[in-house]
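Here's the structure, in structure tokens; my notes come after.
The values are calculated or read from the model by the stated rules, or taken from the named source; none is laboratory data. Being a predicted model, the structure only gives us computed values, none of them experimental. Because the Cβ atoms are built from the backbone with ideal geometry, glycine has one as well, and the counts that use them run over all protein chains shown.
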Amino acid sequence: MDIQKYDQERPTLVNSIVCAIDILGFSQMINTSCKEGYGSTLLREVNYLINKNKECIIPNKYSHGKIKIFTDNMVVGYPITGDGERELEEILDNVSEYQFNLAIEGLFVRGGVSIGDFYINEDIVFGPALLDAHKVESTLACYPRIILDEKTIRTLKKHIKYYDVAPQATKVLIDSDGQWFLNYLNTIFRYYTQCNNEYEFERVKYELLLKHKTKIEEMLHMYKQNIRVWDKYVWTANYHNYFCDIYFAHEKDLKIHKNLLLSWPREIKNNDL
């Protein structure tokens, strides 16, 4: 079976799995940092984090995926060979890891995944799969989640049916609005190979989730007066708590307190007058 690639000399559309990702609130971060005099500092920090973590998208020389980053947007494409199971697995694993690594640094992303004709090189990204992935990101993702479109869901369902216990099943969740999204917190279970023993693995998982919790709480406090943005981090907090309930039910300190997730009314005070 011929391996599909993006021909850098003779551009040709290739059937691909494509993911479009956007950093949440990045425009506001730019405006605020430049007005308050730390724009260059933010630029260096974001440049470092993105370049450090983009390696997990194309982790080795055997991957035929390509990546393009411009300001707060990233597009990644994997040319499909065969039934696309390996390429979709790369999206589920590698993009989730990228999303998780940025989240624990305080950069939350949303995105969309689609399947179709696509091309990418150093200068251009092109094709209907890009448009579809971007449409899902801009119209359906809404919260810090990476959504699978209907074509991707149909493909994933076929792959899941191959198995009695499908390895993909825990890597995607179905939200209350019916959207399928990457379960990026599942990334913590991939750290096992980097640990010396089970005790160290448990400690690493705990510390990573604690970092995730801390960053969400920072965002909830930061945007308390901006209800539209605050609501996005309420969603993220609920996702975090759901994950902890499933896998760390006895670690109560990993969960975000419900008081941070509610907007309580209050009586009028003298200083309100």
- Give me a count of the residues in the stretch 114-132 that are out of contact with any Phe, Trp or Tyr (no Cβ under 9 Å at 6 or more places or on another chain) and either within 30 Å of ILE104 (Cα to Cα) or in a loop (DSSP other than H, G, I, E, B) (or both). 7
- Message: For the list (1) at pLDDT 85 or above; (2) surrounded by 18 or more Cβ atoms within 10 Å (Cβ to Cβ), I need the number of the one condition that ASN31 fails.
- Response: (2)
- Task: Hey, could you check the stretch 81-113 for residues that are part of a helix (DSSP H, G or I) and aromatic (Phe, Trp, Tyr) and say which is surrounded by the most Cβ atoms within 10 Å (Cβ to Cβ)?
- Result: TYR98
- Item | Residue selected from the stretch 174-202 under the condition among the β-branched types (Val, Ile, Thr) and modelled with pLDDT under 95, by the criterion surrounded by the fewest Cβ atoms within 10 Å (Cβ to Cβ) | THR193
- Message: I'm checking my understanding of the structure. Among residues of the stretch 143-186 that are in a loop (DSSP other than H, G, I, E, B) and of a type in the set (A, V, I, L, M), which one is farthest from THR81 (Cα to Cα)?
- Response: VAL165
- Within the stretch 143-166, the residues that are of a type in the set (A, V, I, L, M, F, W, C) and closer than 15 Å to ASN73 by Cα are ILE146
- Message: Going residue by residue through the stretch 123-146, is there one that turns out to be buried (at least 18 other Cβ atoms within 10 Å of the Cβ), more than 14 Å from the chain's Cα centre (by Cα), hydroxyl-bearing (Ser, Thr, Tyr) and within 30 Å of TYR191 (Cβ to Cβ)?
- Response: no
